[in-house]
Amino acid sequence: MATNVAAIVRLMLVTDDALIGARDPVPLVEAAVRGGVTSVQLRLKDATARDLAALVRRVRAAVSIPVLVNDRADVALAVGADGVHLGPDDVPVPLIRTISPPGFLIGASVGSLAEVDGGRGADYWGVGPFRQTSTKAEAGAPLGPEGFAALIRHAEGRVCLAIGGLRPGDVPAVLLAGGVGVAVVSGILGAEDVETAAREYRAAFPP
């Protein structure tokens with residue numbers, strides 16, 4: 001899978017407990033995929049390991065795009081997910097690499113120079129917040145295009161995508177700064193029509 005990382009993370013949907021609420025996440029992910037999402041990261045902070053594992057299985061059965069798990073490498077590996085996305089306080093990337101199967105995708109959150117070392121060894125970086133975001137309280141100050149560009153210069157050629165309050169109109173700036181894609185939470189899941197919202201992000205990329 002690692003050879004196609006840029007294509008996989010071009011438009012990543014990241015789920016959120018609060019935005020999903022009482023709704024079934026699977027139809028929402030299916031709608032986003034119809035709109036052009038290229039991967040999904042299941043971030044459900046309030047779910048138990050058992051419930052998260054069950055959801056991963058359901059989503060993988062419903063869609064053909066790669067399904068990653070946020071934080072919980074144990075769940076991702078146990079259920080055969082396509083990858084995991086790790087934060088600075090999670091299990092170190094090198095450790096997960098040693099116990100993961102070939103092709104298992106590992107992403108890392110990098111929001112400052114202090115987090116660069118923790119991202120080494122990952123297949124891609126999620127860099128942000130690009131703008132102010134309400135879905136991750138501890139995200140820090142917005143980087144903006146210039147801050148994003150400055151931070152990914154330390155990626156050593158690693159694939160980077162932007163995350164945090166992104167709108168479709170931000171996609172060209174992210175690409176110009178050297179990113180390959182965007183990860184979106186509220187911009188898609190907070191929309192009345194998830195499929196249309198995803199399609200608007202996808203249309204912002206060049207053909």
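Taken together, the values in this text are just the output of simple stated rules run on the coordinates, not laboratory data. Predicted model only: the values in this text are computed from it and were never measured. Cβ placement follows ideal geometry from the backbone for every residue including glycine, while neighbour counts extend to all protein chains displayed.
Quick look at the values:
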{"read-out": "Radius ratio Rg over Rh of the chain, counting only Cα atoms, Kirkwood formula for Rh", "value": "0.92"}
{"read-out": "Relative contact order (%) - the chain, alpha-carbon pairs under 8 angstrom, separation at least six", "value": "22 percent"}
{"read-out": "Rg to Rh quotient for segment 42-107, alpha carbon positions, Kirkwood Rh", "value": "0.94"}
{"read-out": "Fully extended contour minus Cα-Cα distance, from Arg23 to Asp89, at 0.36 nm per residue", "value": "20.8 nm"}
{"read-out": "C-alpha center-to-center spacing [segment 47-75, segment 112-172] in angstrom", "value": "24 Å"}
{"read-out": "Segment 10-53: radius of gyration and largest Cα-Cα distance (Dmax), Å", "value": "10.7, 29"}
{"read-out": "Peptides 148-158, 103-113, 39-49 ordered by average Cβ neighbours within 10 Å, highest first", "value": "103-113, 39-49, 148-158"}
{"read-out": "Simple spin-label estimate for Ser64 and Glu192 in nanometres, 7 Å along Cα-Cβ", "value": "3.2 nm"}
{"read-out": "Rg(Cα) / (2.2 N^0.38 Å) computed for segment 56-153, rounded to two decimals", "value": "1.14"}
{"read-out": "Given charges at beta-carbon only (K, R positive; D, E negative), |dipole| of segment 70-200 in Debye", "value": "260 debye"}
{"read-out": "Packing rank of 28-36, 190-198, 121-129, where each peptide gets the mean count of other beta carbons within 10 Å, highest leading", "value": "121-129, 28-36, 190-198"}
{"read-out": "Dipole of segment 71-144, positive end: most advanced residue of Ile99, Gln132, Val75 [Cβ charges, Cα centre]", "value": "Gln132"}
{"read-out": "Candidates per trypsin sites (Lys or Arg not before Pro) in segment 65-135, loop by DSSP, up to 11 other Cβ within 10 Å", "value": "none"}
{"read-out": "Helix-only CD estimate at 222 nm, as mean residue ellipticity for the chain, using -39500 (n - 2.57) per DSSP H run (n ≥ 4)", "value": "-10000 deg cm²/dmol"}
